[in-house]
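The values are calculated or read from the model by the stated rules, or taken from the named source; none is laboratory data. Computed from a predicted structure; not experimentally measured. Here the Cβ is made from the backbone with ideal geometry for all residues, glycine too, and neighbour counts use every protein chain on show. With ligands, DNA and RNA removed, areas are computed over all heavy atoms of the protein, side chains included. Shrake-Rupley method; radii C 1.70, N 1.55, O 1.52, S 1.80 Å.
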Amino acid sequence: MNAGLGPQGQPQSSASSVLRTLVLCDLVNSTALVERLGDREAAELIRKHDRLARTLTDRHGGREIDKTDGFMMMFDRPVQAVAYALDYQRGLRQLNAAENTSLSARVGIHVGDVVVWDNSSDDIARGAKPVEVEGLVKPITSRLMSLALPGQILLSNIAYDLAHRAQGELGEDLGKIRWRTHGRYRFRGVPDPVAVFEIGEEGLAPLKAPPWSSKAHREVPFWRRPATVVFESLVVAALIVVPIVMFLRPDPAIAFASRDWVVVGSLHNLTSEAVFDDALESALRIGLEQSRYVNVMPDLKVRDTITRMQRDPDKTEIDREVGSEVAIRDGARALILPTIAEIGGRVRITAEVIDPQTQTTVYSETADGIGKESILPSLDAINSRLRVRLGEALATVSNESIPLEKVATGNLNALRAYTMGCKAYDGARDEEATRFYRQALTLDPDFALARVGLAKVFLTLGKNSLALEELNAAHAAQGRMSPRDSLYVNALLSTANEASQNDAIENWKVLAGTYPDFLSGQALHAYYLWWFGNRIKEAIEPGMRAVSSKNPNPANSELLLGTLYLASERYEESLVQFSMANSAQSGGLAWTIATAHAAALDFDAADSALASRPAGSPKEEDESTTIVRAAIFVDRGEWDNAYKLLGQADQAVRATEKSNEVELSLLGIKSLPIGDSRDSKSLAVALRRLRTELKETAQPDRYKLRSRALFGAYLAARARSSVDVENTLKAVGLASGDQYPTLANLLAVVEAEMDLAKGKPQDALRKLQGRLDGNELFVTHVTLMDAHASSGDFRSALAEANWLARNRGRAYAELNVQGAVPFNIAMSDLAILNAAEYAAQIDDKKSSRQSLEKFLSRWPAAIDNKLLGDRIRKLKTTLNPQSP
C-alpha cells in the first residue's frame, strides 16, 4: 500500500487498525510535588522518573506514545503491559527510597483495536508526536487510570483474561502477585459497563475496590447504593417496633445487570401430563432468549457443568440446590425454577427466581389458565414479567417479544419432539435428532425452528443441498422465528448456498453485533472471516469472545483462535488455545500443537505432540496429522520421508474418495524445485478427476472442490502447463470479481503465474499488488517474489523472500487452501536461499552469507541435492570468487 503525502510533500504513513494493549500511567499530585520541591528539584526528579519508565518500556517490548504527567505506552500483549506496570510500581518504590520522596502513580490497562499512524517529519518538527493512536480503547484506558487509587493497577476484563492466562511469564515474583476483581463500573462516555480487575503485590498495591467518582461508578442495584442504604438504616433506627420493621422490609433481590446470565432449572411437573416435560423448559428458554438483556445458559453447558460436578446429567434434576451450584460455577446471576400444577380445574405455571448464593426465592411470577391451550400464553406473560423484574425496560419487552405460539409452535407435542431433537443433536446423535425434528415438522409443518435444527444436522453431515432446502423453508417462514433466530437463519442460508461469501460474512457480523453474547454467532463470525475471507486479524476479536466460560463447546472456538494466533505469528498464545482444545478432545488435536511448535522451530516438541495422539482417532484427524507430519518432514529438509508418508496416505484415502487434500499436498511438494521429483503427469490426472467431480457436484457442495482445483491449477501454472490451467479454471467457473474472497485471491495468483509463463512479470505484479491488504494468501507472496525477480527488481524480491521466511505460522495455518500447507512450508524455507541469492544480486554480501548459512542449518542435506547443490555452489562462488 502506497504511503500518502503530508502538507509539504513529506511521506506520511497510512493509518492501520491493529489489536494492541494500551497502558496509561499518571503521577498523583504532580502539581503539589512541584510546589513542594521547586521547579529545578522537581524537574530533576521527574527526569529520573521518566528514565525509569522508558527503560522499563524498552525492557518489556513496549512503545511510548505520549507523555504528560505520566506516560501512554502500547504493547503487543497484555502480559507485557502487566509486567511493565508491576515493575513500574516497584521502580517507584525504589526511587522514593533513594530520593526520600513519595511519588505514587495510577495505572490503567485495556486491550482492543486501535488506529495507529506515523506523523510526517514536518508535523513532528512543528511539535506533533511521532506516533498517533486513536480508538475507543484510549478513553477506556484513561477511565481505568482515573479510577485507580495511588499505587493501583487496574485492568479491563479482556486485559485480565489474557494476562491472567499468561501469568506464568511474570517470572519469579509470581508468588507475591495478587489478582482482585472489583465488579463492573460504568464510565462516563462509555456505553457498556466495564468489568474492573486489579493486579498488584501485597504491601505495595491497595488491593481494594476504587471509590466512585464523577466519571465512574460501580454498577450496583438501587437498593445497595449508599444513599438508599443510609435511608434504610434511618428507617430501621426510627421504627423500633419489630412488626412494623418486618412489614416495611423490602423483598430480597439480585444484583442483575444487562447481559447477565440465568440458569433454567428442571420443570417441576405436578400434573399427570408427560407432554409438559421438556417442552415447557424449552418454551421458557425460547421466550427468554428473545431478550438482549437476559442471557440464558445453554442446556449443553449446564449438562457439562453437572458432569464436572461428578453427576450424571441424564439423571440429575436441576433443582434449587443443584441449579444454584451450576449457576455459581458458571457465573450466572440467577436460577429460574418453573413449576406447572393443576389447581381447581385451572393450569397454574409458576417461575421462581432464585439467588444462587443463598438459594432463597427472590421473587416469583404466576399465571393461570384453562386447558392446555392456555399454557403458552401463560408462559408469555411470565417471561415478560421476569424480564421486567430482572431490570429490562418495559418498552423493550413489549416491542421485542413475540408470542411463543408464533415464534415456535402452538403444538406442545411438536415442541417436545423439537426439544428431544435438540438434546440428541447436542449429544452428536444425528440420526436420532433427524427423527425428532421430522416428527416435530409432521405435527407442525410451519415449525421454523425444527427446520433450522434439521438443517444443522445436514450441515454437520456434509449434506449441504438438503440443509439448503430446510433453510429456504425456514427463511420463508421468518414470521415464525424470533429476531435472533431470523438473523441466524439468514447467516446460515447465505453460508450454505455459496452465492456470495462476502454476504455470508456480513450476515454473521450483523448477528454477532446485535447479540454479542450469542456465542455460536461470535464463533461462526470469526470462522467465516477466516475460512471465506482469510481476514485473520479481524477474526481474532470475535474468536476471543467465543472462547468464553459460557461456551458449551469451547474446543472448536479454542482451535479456531489458536489457528488465528498461529497465522499471526503469536506462537505462545496459539499453544495455549491448542492445548485447551486438545485436552477437551482427549488428545485428538495433538497435530495442532505440533504446528505451533514447528512454526517456532521446536521440532522435538512437535514430535512429542504428534506421538501423544491416541490411537483410533477419527479419519479426518488422521489426514490432518499426516499432512502436518509431512509438512514437518519438509521443514527439516527430509523430502523423501514426506513423499513416502503422503504417497501411502494418498493410496489409502483414494480407496474411498475421488480427490482428497492428501493427494494435493503430495503433488504440491512434488512440484518444488528441489530435484527430479516433479510429477506433471500425476498432476494432470488429478486435475482431470477434479474437473469431473466439479461437473457432478451441486453448487452448495462445491467450495472445497473449487479450493482444491484452484490450488492444483496454481501448481500446473508453476509447471507452465497452460492447457491444464485453462481447462481447470473453466470447470471452477469463478470470475475475478466473484463473491468468494479466498478463492478470488487464489484465482488471481493462478492468473499471475500464467503471466509469468508468458514473460509478462509486470502484468503479474499489477494483478497481485492491489490485493496486499493483509488478507492475501501465502502463495500470493511466492508469486510476487518470482515476479519481482523476473523483472530484475531484486530488492523487492528480497523483501518478499524475507516475508515468506518470517511468516512460518501463516504457512502452517493456511488450512483454508486445500493441500497448501506442506508446499507453503517448503517455500518458506526455500525463500531463505532465494533471499541469499537476491542479496547477492544487490551486492549485499553480508546478508547473503547470513541467509545462506541460515538455509544450510535448516536444510543441511540441500548441498547433496543436485538442483539445490548447484545453486548453493554457484552462490558460494559469487560470494567468494577466490575460493576453489
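Go through (1) over 24 Å from Arg292 (Cα atoms); (2) buried (at least 19 other Cβ atoms within 10 Å of the Cβ); (3) not charged (D, E, K, R) one by one and return the number of the condition Leu376 breaks.
(1)
Take the conditions free of Cβ contacts under 8 Å to residues at least 24 places away in the same chain, open to solvent by less than 60 Å² (accessible area, probe 1.4 Å) and not in a strand (DSSP E or B) and apply them to Ala381. Does it pass?
Numbers: free of Cβ contacts under 8 Å to residues at least 24 places away in the same chain: yes; open to solvent by less than 60 Å² (accessible area, probe 1.4 Å): yes; not in a strand (DSSP E or B): yes.
In short, yes.
Quick test for you: out of Asp829, Asp843, Asp786, Asp755, pick the one residue that is over 18 Å from Leu672 (Cα atoms) and part of a helix (DSSP H, G or I).
Working: Asp829 fails: over 18 Å from Leu672 (Cα atoms); Asp843 fails: part of a helix (DSSP H, G or I); Asp786 fails: over 18 Å from Leu672 (Cα atoms).
Result: Asp755 is the single residue among Asp829, Asp843, Asp786, Asp755 that is over 18 Å from Leu672 (Cα atoms) and part of a helix (DSSP H, G or I).
Let me spell it out: the conditions are (1) modelled with pLDDT under 90; (2) open to solvent by less than 10 Å² (accessible area, probe 1.4 Å), and Gln359 meets all of them except one. Which number is the exception?
(2)
What are the residues in region 32-84 that are of a type outside the set (A, V, I, L, M, F, W, C), outside any helix (DSSP H, G or I) and closer than 30 Å to Ser574 by Cα, if any? Break it down into steps so the answer makes sense when it comes.
First, pick out the residues of region 32-84 that are of a type outside the set (A, V, I, L, M, F, W, C): 35-36, 38-41, 44, 47-51, 54-55, 57-64, 66-70, 76-78, 80, 84.
Right, trim to outside any helix (DSSP H, G or I) and you get 38, 60-64, 66-70, 76-77.
His60, Gly61, Gly62, Arg63, Glu64, Asp76, Arg77 - these are the residues of region 32-84 that are of a type outside the set (A, V, I, L, M, F, W, C), outside any helix (DSSP H, G or I) and closer than 30 Å to Ser574 by Cα.
Mind checking which pairs have a first residue in region 408-420 that is more than 11 Å from Gln439 (Cβ to Cβ) and a second that is outside any helix (DSSP H, G or I) and among the aromatic types (Phe, Trp, Tyr), Cβ under 6 Å, 6 or more apart or different chains?
Between residues of region 408-420 that are more than 11 Å from Gln439 (Cβ to Cβ) and residues that are outside any helix (DSSP H, G or I) and among the aromatic types (Phe, Trp, Tyr), the close pairs are Thr409/Phe447.
Among (1) open to solvent by 50 Å² or more (accessible area, probe 1.4 Å); (2) touching a strand residue (DSSP E or B) at 6+ places or on another chain (Cβ under 9 Å); (3) touching a residue at least 60 places away in the same chain (Cβ under 8 Å); (4) not aliphatic (A, V, I, L, M), there is one condition Asn119 misses while meeting the rest; what is its number?
With (1) open to solvent by 50 Å² or more (accessible area, probe 1.4 Å); (2) touching a strand residue (DSSP E or B) at 6+ places or on another chain (Cβ under 9 Å); (3) touching a residue at least 60 places away in the same chain (Cβ under 8 Å); (4) not aliphatic (A, V, I, L, M) applied to Asn119, the lone miss is (1).
For region 403-439, which residues satisfy the criterion of being closer than 23 Å to Gly371 by Cβ and either in contact with a Gly (Cβ under 6 Å, 6 or more places away or on another chain) or part of a helix (DSSP H, G or I) (or both)?
Initial filter on region 403-439 (closer than 23 Å to Gly371 by Cβ): 403-419.
Correct list: Leu404, Glu405, Lys406, Val407, Leu412, Asn413, Ala414, Leu415, Arg416, Ala417, Tyr418, Thr419.
If Glu352 satisfies every condition in (1) acidic (Asp, Glu); (2) in contact with a Lys or Arg (Cβ under 6 Å, 6 or more places away or on another chain); (3) free of Cβ contacts under 8 Å to residues at least 24 places away in the same chain but one, which is the exception?
(2) is the only condition that Glu352 fails.
When region 660-681 is examined, which residues are found to be at pLDDT 75 or above and in a helix (DSSP H, G or I)? Give the steps one after another, and end with the answer.
Residues of region 660-681 that are at pLDDT 75 or above, as a first pass: 660-674, 681.
Glu661, Val662, Glu663, Leu664, Ser665, Leu666, Leu667, Gly668, Ile669, Lys670, Lys681, listed by residue number.
Checking Ser465 against (1) closer than 30 Å to Ala274 by Cα; (2) in contact (Cβ under 8 Å) with a residue 40 or more places away in the chain; (3) polar (S, T, N, Q): exactly one of these is not met. Which one?
Failed condition: (1).
For region 857-866, enumerate the residues that are among the hydrophobic types (A, V, I, L, M, F, W, C) and either within 19 Å of Gln841 (Cβ to Cβ) or open to solvent by less than 30 Å² (accessible area, probe 1.4 Å) (or both).
The answer is Trp859, Ala862.
From the list Glu693, Glu726, exactly one residue is surrounded by fewer than 16 Cβ atoms within 10 Å (Cβ to Cβ) and among the acidic types (Asp, Glu). Which is it? Even if it seems obvious, please write down each step before you answer.
Values: Glu693 fails: surrounded by fewer than 16 Cβ atoms within 10 Å (Cβ to Cβ).
Among Glu693, Glu726, only Glu726 is surrounded by fewer than 16 Cβ atoms within 10 Å (Cβ to Cβ) and among the acidic types (Asp, Glu).
I'd like the full set of residues that are closer than 21 Å to Ala799 by Cα and surrounded by 23 or more Cβ atoms within 10 Å (Cβ to Cβ), limited to region 747-766.
Val749, Ala752, Glu753, Ala764
Sort through Pro881, Pro860 and tell me the only one that's more than 35 Å from the chain's Cα centre (by Cα) and either closer than 19 Å to Trp639 by Cβ or at pLDDT 90 or above (or both).
Numbers: Pro881 fails: either closer than 19 Å to Trp639 by Cβ or at pLDDT 90 or above (or both).
Residue meeting the stated conditions: Pro860.
When you go through (1) surrounded by fewer than 22 Cβ atoms within 10 Å (Cβ to Cβ); (2) not in a helix (DSSP H, G or I) one by one for Lys509, which number turns out not to apply?
Of (1) surrounded by fewer than 22 Cβ atoms within 10 Å (Cβ to Cβ); (2) not in a helix (DSSP H, G or I), only one is false for Lys509: (2).
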